[in-house]
Amino acid sequence: MADVTGTTATSAALGTRYAMNSGGKVSEDKTSLKNQDFLQLLIKQLQNQDPSSPMDSNAIMQQTATLSSTQTMQQMISVQQEQFSLMSRMSASSFVGQTVNYTDVAGKTQTGLVSAAAFSGTGTPTLTIGNASVSLSNVSGITAHTGTSSS
């Protein structure tokens, strides 16, 4: 990275590092600032500050507190996403053996017996209803399967 003498220029230099790879394509989301990038910016600010008007220590403390708060919020969001994913999987599993109403790909309401639930990565679980694979988000109702047949 070239020697840069200012916060704005340093920010721009870090942004372009993420904006383009060797093929000229975007390699990472350049709208978010990584923790390491924040620390690099802070170090550049300290190294390139005007000696006659040094950076206020309160401003440094405020910036590091903001970084800490942001890290904590990111961790909380991650935990909440994991909890939501687990709850979705548990919910989908509880539908197995139940009769549900769902919206099919044509937008029509259908009814069928759930025979299986599938989980893929962090996506929405899917239910197997007859020959159809239905997203859990398309289920609009559920009734208990009685298991009795009329004679």
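The values are calculated or read from the model by the stated rules, or taken from the named source; none is laboratory data. All values reported here derive from a predicted model rather than from experimental measurement. All Cβ positions, glycine included, derive from the backbone under ideal geometry; neighbour counts span all protein chains shown.
Can you confirm whether segment 53-66 contains a residue that is modelled with pLDDT under 85, more than 24 Å from residue 36 (Cα to Cα) and assigned by TED's automatic domain parsing to the domain that holds residue 34?
yes
Of the residues that make up segment 90-106, is at least one part of a strand (DSSP E or B) and not β-branched (Val, Ile, Thr)?
Taking every residue of segment 90-106 in turn, at least one turns out to be part of a strand (DSSP E or B) and not β-branched (Val, Ile, Thr).
Take residue 69 and decide whether it is over 21 Å from residue 119 (Cα atoms), part of a loop (DSSP other than H, G, I, E, B), at pLDDT below 90 and not basic (Lys, Arg).
Here the answer is no, as residue 69 does not meet what is asked.
Filter segment 90-111 down to the residues that are touching a Leu at 6+ places or on another chain (Cβ under 9 Å) and not hydrophobic (A, V, I, L, M, F, W, C) and list them by number.
If the condition is that a residue be touching a Leu at 6+ places or on another chain (Cβ under 9 Å) and not hydrophobic (A, V, I, L, M, F, W, C), then 91, 97, 98, 99, 102 are the ones that fit.
Can you tell me how many residues within segment 76-120 are more than 21 Å from residue 141 (Cβ to Cβ), modelled with pLDDT of 90 or more and surrounded by 13 or more Cβ atoms within 10 Å (Cβ to Cβ)?
Count: 0.
Which residues, taken from segment 82-103, are without any contact (Cβ under 8 Å) to a residue 40 or more places away in the chain and under 27 Å from the mean Cα position of the chain (by Cα)?
Matches in segment 82-103: 82, 83, 84, 85, 86, 87, 89, 90, 93, 94, 102, 103.
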